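Down below is the structure, laid out as structure tokens.
The values are calculated or read from the model by the stated rules, or taken from the named source; none is laboratory data. Values in this document were obtained by computation on a predicted structure and should not be read as measured data. No Cβ is skipped: glycine too gets one built from the backbone with ideal geometry, and neighbour counts run over all protein chains shown.
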Amino acid sequence: MQITGGKYNSRKIKTPEYDNIKPTLSKTRQGIFNTLSSLISDFEGKVFIDMFSGSGIMGLEALSRGFKVICFEKDKKTAFAIKETYKTLNLLPELYFGDAVKNIQKLSVKADVIFIDPPYDSDLYEKSLDVIKNNNIIISNSIVVLEHLENRTINTFGFEIIKTKNYGNKQITYLRLL
């Protein structure tokens, strides 16, 4: 796998190959950041939160493009693999180990972008949106990006859908607070 844009463009990244990890495909990652660039004028110094980091590739893509990145990962083995991946680029991730839905509430920074890609069959989409909305984690023009299966219905809890895009059987949904 390789980073698709920014400072680390084309750098090959070894991602962990565990059953519980489903890295976002390169075409999808490029599409996400192209869409974000049309919604946000400049990424430099903006805060990107990856709530369910898995392979860590979304955080690396964001970091490569100038975002300040905060990652959450619940699985200890996967969190260690993310640290090792960042180390290959001489980077130290701001990585929080544990339940993202519980731990995101403890952050003192406000996110400009939050990426939510939990296990597809979980109720973590709704739980994440609920905690984001009710805990002052975002500002009025922040963007929440959901990666989910195309046929999945998600209760968006007072967020407005600003765009959706399909990539095969996956859908990317972009939200803002109403």
Checklist entry - In this structure, is Ser64 polar (S, T, N, Q) and more than 14 Å from Tyr8 (Cα to Cα)? => result no
Checklist entry - Among (1) free of Cβ contacts under 8 Å to residues at least 40 places away in the same chain; (2) within 30 Å of Asn136 (Cβ to Cβ); (3) not in a helix (DSSP H, G or I), which single condition is Gly6 missing? => result (1)
Next on the checklist: Please go through region 70-81 and give me each residue that is free of Cβ contacts under 8 Å to residues at least 40 places away in the same chain and either among the aliphatic types (A, V, I, L, M) or part of a helix (DSSP H, G or I) (or both), ordered by number.
Outcome noted: Lys76, Ala79, Phe80
Checklist entry - So is Tyr96 outside any loop (DSSP other than H, G, I, E, B) and over 20 Å from Leu25 (Cα atoms) or not? => result yes
Next on the checklist: Filter region 155-178 down to the residues that are among the hydrophobic types (A, V, I, L, M, F, W, C), in contact with a Leu (Cβ under 9 Å, 6 or more places away or on another chain) and either closer than 23 Å to Ile70 by Cα or surrounded by 18 or more Cβ atoms within 10 Å (Cβ to Cβ) (or both) and list them by number.
Outcome noted: Phe157, Phe159, Ile172, Leu175
Checklist outcome for this item: Residue hits (region 12-29; among the charged types (D, E, K, R), surrounded by 13 or more Cβ atoms within 10 Å (Cβ to Cβ) and at pLDDT 90 or above) are Arg29
